[in-house]
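What follows is a set of notes on a single structure, which appears directly below.
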Amino acid sequence: MQKLMNIDELADYLRLQKQTIYNWLYQGKISGIKLGGVWRFDRKEIDSWLKNRRRLSKIGDR
């Protein structure tokens, strides 16, 4: 089973403040799973999301 990251691990991974991640969650920019009142994130899904964001920004640069 894939290990899920918690909010602190994701913040470290993305080098962001936890509040930014919470904001993105509630804005629907990223997805996570809430287990036992704690947000969890699949790293593969986060990596895929990052790749898609990079592609979108390249398209917007044209």
Please specify each residue of the range 28-46 satisfying the condition of being on the phi < 0 side of the Ramachandran plot and either among the basic types (Lys, Arg) or surrounded by fewer than 11 Cβ atoms within 10 Å (Cβ to Cβ) (or both).
-> 29, 34, 35, 40, 43, 44
Hits in the range 22-43 - residues which are closer than 12 Å to residue 5 by Cβ and either under 10 Å from the mean Cα position of the chain (by Cα) or in a loop (DSSP other than H, G, I, E, B) (or both) | 30, 32, 40, 41, 42, 43
Give me a count of the residues in the range 1-21 that are in a helix (DSSP H, G or I) and farther than 16 Å from residue 49 by Cβ.
-> 4
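Yes/no per residue for (1) aliphatic (A, V, I, L, M); (2) free of Cβ contacts under 8 Å to residues at least 24 places away in the same chain:
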site	(1), (2)
4	yes, no
7	yes, no
14	yes, no
25	yes, yes
28	no, yes
38	yes, no
41	no, no
47	no, yes
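Throughout, read-outs are computed from the coordinates displayed, never taken from laboratory work. Worth saying up front: this structure is predicted, and the values here are computed from it rather than measured. No Cβ is skipped: glycine too gets one built from the backbone with ideal geometry, and neighbour counts run over all protein chains shown.
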